[in-house]
Amino acid sequence: MEHPIVQTFPRPAQERLYVEREPVDATCPECGGTDVKAYRVLSEGGWWQAEKCQDCLASLSRVPAPALGSYVPLGTTVPSEAR
């Protein structure tokens, strides 16, 4: 009987995890709101860097973000001195 490998990770200290939302100086074309924030979202097609109105949740812009979020696997980047 083979036993599966179990990985354990410590429980986060925070009660809720959240992404930092950076304020953007913009006005929402949908509702006219000025509470616009930039942050990463996971949606169809993967990770996106989005600017969204916090009043009506309209997307002002969405550009593809790195596929693995902030994780950069070893061996996927070339050191600047090697270029």
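The values are calculated or read from the model by the stated rules, or taken from the named source; none is laboratory data. These numbers were taken from a predicted model, which means no experiment stands behind them. Don't worry about glycine lacking a Cβ; one is built from the backbone with ideal geometry, like all the others, and counts go over all protein chains shown.
So, in the stretch 31-63, exactly how many residues are more than 21 Å from Leu17 (Cα to Cα) and either under 10 Å from the mean Cα position of the chain (by Cα) or among the basic types (Lys, Arg) (or both)?
Number of matching residues: 1.
Please state which one of Thr34, Thr27 is free of Cβ contacts under 8 Å to residues at least 40 places away in the same chain, touching an Asp or Glu at 6+ places or on another chain (Cβ under 9 Å) and not in a strand (DSSP E or B).
Selected residue: Thr34, the only one of Thr34, Thr27 that is free of Cβ contacts under 8 Å to residues at least 40 places away in the same chain, touching an Asp or Glu at 6+ places or on another chain (Cβ under 9 Å) and not in a strand (DSSP E or B).
Which members of the stretch 1-48 meet the condition of being in contact with a Ser or Thr (Cβ under 8 Å, 6 or more places away or on another chain) and polar (S, T, N, Q)?
The answer is Thr27, Thr34.
For the stretch 30-51, enumerate the residues that are surrounded by fewer than 13 Cβ atoms within 10 Å (Cβ to Cβ) and aromatic (Phe, Trp, Tyr).
none
Could you list, in sequence order, all residues of the stretch 52-83 that are surrounded by 10 or more Cβ atoms within 10 Å (Cβ to Cβ) and either in a loop (DSSP other than H, G, I, E, B) or aromatic (Phe, Trp, Tyr) (or both)?
Gln54, Asp55, Cys56, Leu57, Ala58, Ala65, Pro66, Leu68, Gly69, Val72 - these are the residues of the stretch 52-83 that are surrounded by 10 or more Cβ atoms within 10 Å (Cβ to Cβ) and either in a loop (DSSP other than H, G, I, E, B) or aromatic (Phe, Trp, Tyr) (or both).
Given the residues Arg16, Arg40, Arg11, which is the only one that is modelled with pLDDT under 95 and not in a loop (DSSP other than H, G, I, E, B)?
Arg40
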